[in-house]
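The structure under discussion appears below in the form of structure tokens.
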Amino acid sequence: MAKIIYREEMAQGTIILNEIEAPRISRKAKPGQFVILQANETGERIPLTMADTNPEKGTITIIYMVVGKSTAIFKDLQVGDSYYALIGPLGAPTHVEKVGKVICVGGGTGIAVLHPIARALKEAGNEVTTILGSRSYDLLIMEEKMRNASDQFHICTDDGSKGHHGFVTDVLRQVLEKDDIAMVVAIGPIPMMKFCSLITKEKGVKTLVSLNPIMVDGTGMCGCCRVTVGKETKFACVDGPEFDAHKVDFDELAKRLASYLDDEKTSMDAHKNCKI
Amino acid sequence: MADKKQKKEKVPRARMPEQDPDVRRRNFIEVPLGLTPEMAITEAKRCLQCKKPACVAGCPVSVDIPGFITLITENNFSAAANKLWERNALPAVCGRVCPQEEQCEGLCILGKKGQPVAIGYLERFAADYERQNGIGDIPVVEDKTGKKVAVIGSGPSGLTVAGDLLLKGHEVTIFEAFHKPGGVLVYGIPEFRLPKEIVASEVATLEKMGAKIECNTVVGASITIDELFEEGYDAAYIGVGAGLPRFMNLPGENFIGIYSANEYLTRTNLMKGYLFPKYDTPIARGKNVVVLGAGNVAMDSARTAMRLGAKSVKVVYRRSRDEMPARDEELHHAEEEKIEFVLLTNPTQFFGDEDGRLTGMECLKMELGEPDASGRRRPIPIEGSEYKIDCDLVVVSVGSNANPLLTNSTPNLNLNKWGNIVADTVTGKTSKKGVWAGGDIVTGAATVILAMGAGRAAANSMHDYLTIGW
């Protein structure tokens with residue numbers, strides 16, 4: 001169980017794709033849901049939203065960015081290796097229905113999270129405009145898959161190496177002004193979600209974001225992942241991970257994500273020394 | 001007889017050898033060190049062997065207490081352990097965490113004039129002796145019935161149900177959401193109160209008896225109860241615990257450094273944060289720690305904070321010492337370890353810095369008024385008594401609600417208005433055919449042994465169902 005059957009390095013080895021054997025989860029999972037992975041007995045529990053599922057094959061796909069010790073250990077796992085623990089599907093699925101024209105905005109590994117949602121929205125009969133952003137074109141992931149899930153498709157790069165030279169928010173504003181948009185889904189780094197949300201709020205367009213706070217159990221038991229939504233405390237693991245963007249306190253989320261910055265450095269330094 | 005009784009009273013109750021408070025408050029090694037065989041035999045001989053033993057009546061799982069104590073007096077410790085197993089699948093755990101003073105020992109005749117027999121110490125002694133010196137005997141399992149049972153949750157009540165039904169020859173699979181079995185025994189109760197090696201050993205015994213354990217399976221998310229029945233299970237027991245932490249809903253409660261007791265203890269115990277960075281999960285090491293609440297979980301949190309290097313640990317509680325719900329032994333241990341009780345005090349808000357990190361809290365002093373619904377005197381705020389406590393870590397330990405993850409995914413399962421499962425108080429039967437429930441998900445947060453008692457009752461009823469019918 002939890003054996004890696006396919007592995008791919010993306011964005012110059014900074015982002016890794018794993019297709020993992022998980023028959024039960026693959027049959028149950030819906031767009032927007034996540035799993036928790038642990039590489040070994042001493043490892044941390046890391047929540048990752050699924051990028052794809054294949055119930056026939058009995059597999060799920062996760063895509064993660066290598067950012068610290070835990071993901072560095074994940075990166076060491078090769079085809080044939082297994083995760084020590086894989087739990088899911090967790091969280092509330094995306095509410096998918098036909099609403100008309102929707103915009104899907106993705107950045108970084110948020111694109112992986114966005115993929116099944118965009119596909120489901122298109123399958124439900126919505127007209128999907130996708131806007132993807134990355135610092136540079138060679139760091140952009142899942143371009144083809146996202147293109148296939150979209151009716152209109154835009155790329156934005158900070159350095160102008162492809163598509164619009166600038167941020168996703170520029171294109172978002174243009175599309176909102178041109179079309180009558182029923183809903184926006186924005187998934188990516190916190191600043192991206194925050195600024196997309198500010199624009200759509202101004203335009204009065206309903207917007208969903210998928211949040212990635214630190215978690216432990218992922219089943220509502222610990223409250224580590226609490227986020228403030230509309231002045232109420234919610235647990236992202238069971239009440240989310242998707243929320244109404246206009247009500248989310250992004251600044252608090254960003255601060256809470258930095259809870260263990262010093263410990264993460266200690267952990268990573270010890271890991272590097274150990275490898276040398 | 002009267003003469004014999006007098007003599008027994010004169011032998012003082014055994015004193016449990018313990019690690020010195022000044023040493024143990026900085027380590028995670030178990031606090032009580034256990035009785036020696038000589039001490040155990042001397043203590044066992046204090047038992048009057050009453051014809052109608054009140055102690056047994058006080059035990060939620062009706063352990064044959066005089067029976068196992070006699071075997072200890074006869075120097076037959078393995079047989080004593082086997083006697084415990086007849087009624088209790090987890091004697092090494094119960095010997096440590098049961099509130100004996102309210103149960104068996106609370107009813108011991110010797111306690112009327114002097115000190116009751118130290119039944120908990122003796123139970124622990126026999127179970128530990130067998131684990132360390134035994135030849136790996138396992139309880140005898142009856143012939144296979146061919147019936148399959150799903151036990152959901154591997155905490156104390158689930159393990160009890162599993163043990164009882166295995167003994168009766170049923171096939172049992174235990175489903176656990178975490179990566180290790182034991183539930184609250186593993187994630188909640190700290191190492192220094194219940195070494196995890198003991199839980200692992202008790203679980204291993206069940207596996208030797210034939211239990212299958214499926215970790216990393218969140219019933220309700222990974223698979224539903226109805227799907228378990230489709231997969232061929234004949235009955236299911238729900239023992240998933242309370243598992244939804246309560247917060248106080250005060251301003252600033254999401255500052256970094258404010259944990260639920262569940263998170264604080266899970267990071268420390270299950271994820272072994274106290275061994276960071278050898279284990280990868282970090283846990284904040286507060287200098288000035290405040291624990292809100294005064295139950296057993298609050299004491300576990302406070303004593304954990306001390307062991308993680310705190311300069312000061314305060315337990316802040318809105319009522320007085322008399323109302324603190326933790327066991328006397330836990331309060332005593334906490335005080336010995338220099339944990340300060342700040343009573344008749346209630347938090348009103350938390351303060352943080354620009355990075356969102358906790359720097360302190362504001363409290364209000366309280367006084368006691370008339371008794372409330374719980375029979376305890378109601379705390380009333382004293383106006384204008386606000387003051388500030390500097391702290392960099394707060395553990396909120398004010399109880400748990402029912403976690404809806406499983407119950408929401410299970411049709412035809414009746415819940416009460418708090419979301420707890422409605423189960424028959426005698427049999428543990430729920431409104432859904434073939435499904436029983438017990439422990440905290442039914443009663444709200446309670447004790448290990450009550451959960452085990454509920455498990456025992458449900459197992460009997462499930463056996464009747466599997467052999468006779470609903």
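Every number here is computed from the coordinates shown, using simple stated rules; none is lab data. This one's a predicted model, so the numbers in the text were calculated from it and none came from an experiment. No Cβ is skipped: glycine too gets one built from the backbone with ideal geometry, and neighbour counts run over all protein chains shown.
Before moving on, here are some points about what is shown:
- Percent RCO, i.e. relative contact order, over chain A, from Cα pairs under 8 Å lying at least 6 residues apart: 16 percent
- Residue of A:Tyr260, A:Tyr64, A:Tyr83 that the Gaussian network model of chain A assigns the largest fluctuation, springs spanning Cα pairs under 10 Å: A:Tyr260
- Neighbour cut-off at most 13 other Cβ (10 Å), DSSP loop, GluC sites (Glu not before Pro), the stretch B:63-166: B:Glu74, B:Glu142
- Sparse packing (at most 16 other Cβ atoms within 10 Å of the Cβ) combined with a DSSP loop state is found for the following trypsin sites (Lys or Arg not before Pro) in the stretch A:223-276: A:Lys231.
- Ranking B:Cys108, B:Ile152, B:Val140 by Cα position along the charge dipole of the stretch B:34-164, where only Lys, Arg, Asp and Glu carry charges on their C-beta atoms, puts B:Cys108 farthest toward the positive end.
- Spherically averaged projected area in nm², based on the convex hull that wraps the Cα atoms of the stretch A:90-140: 3.9 nm²
- Along each principal axis, taking the top coordinate minus the bottom one, the Cα set of the stretch A:1-75 gives 32, 28, 22 Å in descending order.
- Taking 20 Å as the straight-line reach from the Cα of A:Lys145, the aspartates and glutamates in range (excluding those fewer than 8 positions away in the same chain) are A:Glu8, A:Glu9, A:Glu19, A:Asp52, A:Glu56, A:Glu123, A:Glu127.
- Here B:Lys388 is the anchor, and the lysines within straight C-alpha reach of less than 22 Å, apart from those fewer than 8 places off in the same chain, are B:Lys287, B:Lys311, B:Lys314, B:Lys338, B:Lys365.
- Inter-centroid distance (Cα atoms) of the stretch A:95-138 relative to the stretch B:205-248, Å: 35 Å
- Aspartates and glutamates whose Cα lies under 15 Å from that of B:Lys180, excluding same-chain neighbours fewer than 8 positions away: A:Glu41, A:Glu44, A:Asp217, B:Glu191, B:Glu197, B:Glu202, B:Glu207, B:Glu214
- Alpha-carbon Rg with Dmax, taken over the protein assembly as shown, Å: 27.9, 100
- Here the stretch B:55-156 was treated as a single set of alpha-carbon atoms; its pair distances binned every 10 Å from 0 give 15, 43, 29, 12, 2, 0 percent.
- Placed amide H near B:Asn76: partners under 5 Å, 5+ positions off or other chain: none
- When shorter helices are ignored and each DSSP H run of at least 4 residues is given -39500 (n - 2.57), the per-residue value for chain B at 222 nm works out to -10000 deg cm²/dmol.
- Lysine pair count for the stretch A:224-276 [Cα-Cα under 19 Å; pairs on different chains or 8 or more apart]: 7
- Here the stretch B:383-470 is treated with +1 on each Lys and Arg Cβ and -1 on each Asp and Glu Cβ, and its dipole about the Cα centre works out to around 600 debye.
- Within the stretch B:335-416, the ratio Rg/Rh, alpha carbon atoms throughout and Rh by Kirkwood, equals 1.12.
- Charge dipole (Cα centre; +1 on Lys/Arg Cβ, -1 on Asp/Glu Cβ; no other charges) of the protein assembly as shown amounts to roughly 1360 debye.
- Centre separation in Å (Cα based) which lies between the stretch A:218-264 and the stretch A:40-74: 20 Å
- Under the convention that each Lys and Arg Cβ holds +1 and each Asp and Glu Cβ holds -1, the size of the dipole of chain A around its Cα centre is about 340 debye.
- Cα principal axis extents for the stretch B:35-98, largest first, Å: 29, 26, 19
- Charge-dipole axis of the stretch A:36-135 as Lys and Arg at +1 and Asp and Glu at -1 on Cβ define it, positive-most pick from A:Met65, A:Ile36, A:Pro55: A:Met65
- Per-selection Rg to Rh, the stretch A:47-146 - Cα, Kirkwood hydrodynamic radius: 0.99
- The stretch B:1-95: relative contact order as a whole-number percent, Cα under 8 Å and 6+ apart: 21 percent
- Taking every Cα-Cα distance in the stretch B:413-470 and sorting them into 5 Å bins from zero, the calculated P(r) comes out as 5, 22, 29, 24, 14, 5, 1 percent.
- Dmax and Rg, reported as Rg then Dmax, of chain B (C-alpha, Å): 22.9, 74
- Charge-dipole axis of the protein assembly as shown as Lys and Arg at +1 and Asp and Glu at -1 on Cβ define it, positive-most pick from A:Met10, A:Ile190, B:Ala451: B:Ala451
- In the stretch B:278-363, the trypsin sites (Lys or Arg not before Pro) that fall in loop regions by DSSP, at most 12 other Cβ within 10 Å: B:Lys278, B:Lys311
- Translational diffusion of chain A was estimated from the Stokes-Einstein equation, with Rh taken as the Kirkwood radius over Cα pairs; at 25 °C and 0.890 mPa s the coefficient is 129 µm²/s.
- Based on C-alpha pairs under 8 angstrom that are at least 6 apart in sequence, the stretch A:64-212 has a relative contact order of 22 percent.
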